[in-house]
Amino acid sequence: MSAATNRPTSVFISYSRVDSAAIDHLQAELISYGFATWVDRQHLEGGDVWAAGIERAIQGCDVVVVGLSPDAVASPWVTNELFYAHNLKKQIIPVVIRPVESIPLLLSAMQFIDMQADESQGLQQLRLRLLRLDEQTNVADFDLTAPVSHHLPPNPEEETSDPMAELVELPEPTPAIDSNELFIQGISALAHKNLDQAEALLLQVVDQDKNFGNGIAARKLGELQRQLLPHQLERLHFQAHQAELQGAWDEAVGAWSAYVERAPDDTEAQAALTRNQQNRDAAWLYVNAHILAQQQDWPAFCEMWELLREQAPGYGDPGSIYHPSVEPGTLLGACCDGANYVWSVAWSPDGRRLATASDESAAKVWDAASGRLLFACKSHECDVHGVAWSPDGQRLATASEDKTAKVWSASNGAFLAICQGHTANIHSISWSPDGQRLATSSEDETARVWDANTGELLCTCSGYSGAIRDAVWSPNGQYIATAGMDGAVRIWDADNGTLLVTYRDHTGAVYCVEWSPDGSCLASGGLDQIVRVWDATTGSLHVRFLDHIGTVYGLAWSPDGQRIATVSDDKTARIWDARTGTPLITLEGHAFFVWSVAWSPDGLRLATGSGDGSARVWRV
């Protein structure tokens, strides 16, 4: 941790693209140890965009780690990054990852770490250097004799001054510290609760001598690693997930590899590693598809897309390139697998997967771009009426006619938890913004709040004189809005279930309600075929939408809050201007009632679920 700010030490890693695999592993290890890292994985073709991005990253880091190899020494990218870091008086730590005979003169006075001779020892030495960052000087004792520019040159091919251009022989590495001295330091760190330092020191002891102290060092190391392992796995899982969202497959492979090294029996992690390796190897096909999409050559695009799916079924669409230029209102695809009714649809937070709830007593997860079924969550005894993704995309929640709500792994559909207590059919389910609680609505005239991790009932919202069809969280997590068969929209305190306010204007049952993204408004729809938008603070009615010719069963706000999508038993989905109520687009094609609707996180696609047994994806 950086002592001045109590935040993770920030590490900028400078390297040659040739060494990407080694850098992926190094970055994953550093993140597992709690360091924040920044790695340029774009290597843009020079210019102001590249220079500005690199400058900001170096300015914001605490230390620069440079991966030394023959290619790195010859790289103009590495040259300019180190030159700029030195000008800003950033501490630089050279790490040898492949044998080199010479290094830039600028680095000659710095203590380097040799990872190519013994990667494990080198990694722990680097870890200790970073942990002790505040005890070291901020810059090597080296004076540039020529005037320098404060900014990076816009082109990495431009020459820099002599201290970087001149090469000198690589100095001898610092002699290894005696095993007993390392052991003393490790026990001292352990006694003072510096667990990361203790692990790094004891790892070096055991690497040098597995039986040191008749096995005492190995035993203490094992105890310490068991204590630290959950934290390291959590960091790696988060890193891998973020890399997957961005389509950074090299980084994802590095993170999952480090995860599997620590948890070799975790089959879910092994599957994720295999999937990301496939994605990394097929990334060139995705680039080709992007080129064809930009050219609007859709027949060739579809052929390339199918090749991508054959090589990497789990690739997804991290760049949202799938038919990006199709006219709004165009049907992009459909997910069909034998169901008679698709009661609910929900997008994953990354927009790559679609979950559906159906009359097959299951929720299913599909690849949103190809419509390919990925897996199913099966153990309900009756129709599943509601499905929702956790905010972090790691879990799914379902609500069923069997009076239970269940939580599942979003990776493979493994069952995690159950919520039991309703006495009738559950119609809907939604996650709190922090992912810790669930809200359900039921035919038993109650809405209930549950602990999402344990299934424990936390509070009950009661007071309706009929079934509650929908229950949704406010964006700030403080309130729950419900829609009921008695024609009312109500708002409740999410912590204790206290009724706060009731909105009445509908002339029949209300089937759906949803908060605007900023929490300032509520939209509701129902039997009277009219959609209403309310001021969430005052309860005043802003606007009514009058165009459906059937019951409104579902609605969703666009991510930017500018539009509202609705679905009805008139077999259509419609999109409206949220402020004026002006109809914008009508989506036609379903053969039966349309029950549910969800907007993709990027705002470009709409998913609908229908009684015709299909979920459809539309360009909007």
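Sorting 510-518, 558-566 by average packing, meaning the other beta carbons within 10 Å per residue, from highest down gives 510-518, 558-566.
Across every pair of non-identical alpha carbons in segment 176-253, the mean reciprocal distance, once inverted, gives a Kirkwood radius of 13.8 Å.
How much accessible area per residue does the chain have, counting only protein heavy atoms and a probe of 1.4 Å, in square angstrom?
Details: 25830 Å² over 620 residues.
Heavy-atom SASA per residue in the chain reads 42 Å².
Ignoring everything except DSSP H segments at least 4 long, calculate the 222 nm mean residue ellipticity for the chain; use -39,500 (n - 2.57) per segment, divide by total residues, nearest 500. Value at 222 nm, helices only, nearest 500: -9000 deg cm²/dmol.
Measuring with a 1.4 angstrom probe and ignoring ligands and nucleic acids, L584 comes out at about 90 Å² accessible. Summarised in one figure, the compactness ratio Rg/Rh of segment 163-302, Cα atoms and Kirkwood Rh, is 1.19. Number of Lys-Lys pairs in the chain with C-alpha atoms under 30 Å apart and a separation of 8 or more places or on different chains: 13. Rolled with a 1.4 Å probe across the full set of protein chains, the surface gives H25 an accessible area near 40 Å². Expressed in units of 2.2 N^0.38 Å, where N is the residue count, the Cα radius of gyration of the chain is 1.13. Ranking G215, A357, L182 by how far each Cα lies toward the positive end of the dipole of the chain (charges on Cβ) leaves A357 at the top. Here the peptides 436-442, 487-493 are ranked by packing, the mean other Cβ count within 10 Å, and the order with the highest first is 436-442, 487-493.
Here, segment 452-562 has an Rg and a Dmax of 13.6, 44 Å when only alpha carbons are counted. Axis of helix 195-208 versus longest Cα principal axis of the chain: the two differ by about 50°, to the nearest ten degrees.
Where the accessible area of the chain is counted over protein heavy atoms with a 1.4 Å probe, how much of it, in %, is carbon and sulfur?
Numbers: 12540 of 25830 Å².
Looking at the chain in its full context, I get 49 percent from C and S.
Out of every Cα pair in segment 221-323, what percent are spaced more than 21 Å from each other? List each step's numbers first, then the result.
Working: 2225 of 5253 pairs.
So the pairs more than 21 Å apart make up 42 percent of the total in segment 221-323.
Going by accessible surface with a 1.4 Å probe and the largest first, T267, T482 read T267, T482.
Where both residues lie in the chain, what percent of DSSP beta bridges are antiparallel, nearest 5? Each step should come with its number before you reach the end.
Values: 107 of 123 bridges.
In the chain, DSSP labels about 85 percent of beta bridges as antiparallel.
The candidates K406, K378, arranged from most to least accessible area with a 1.4 Å probe in the full protein assembly, appear as K378, K406.
Could you tell me what a quarter of the Cα convex hull surface of segment 490-620 works out to, in nm² with one decimal place? Provide the component values of the computation, followed by the final result.
Details: hull surface 31.8 nm².
Taking the Cα atoms of segment 490-620, their convex hull projects to 7.9 nm² on average.
The values are calculated or read from the model by the stated rules, or taken from the named source; none is laboratory data. Bear in mind the structure is a predicted one, so any value in this text is a computation, not a measurement. A quick note on method: Cβ atoms are made from the backbone with ideal geometry, for glycine too, and the neighbour counts reach across all protein chains shown. Areas reflect the complete protein model, heavy atoms only, side chains present, ligands, DNA and RNA absent. Shrake-Rupley method; radii C 1.70, N 1.55, O 1.52, S 1.80 Å.
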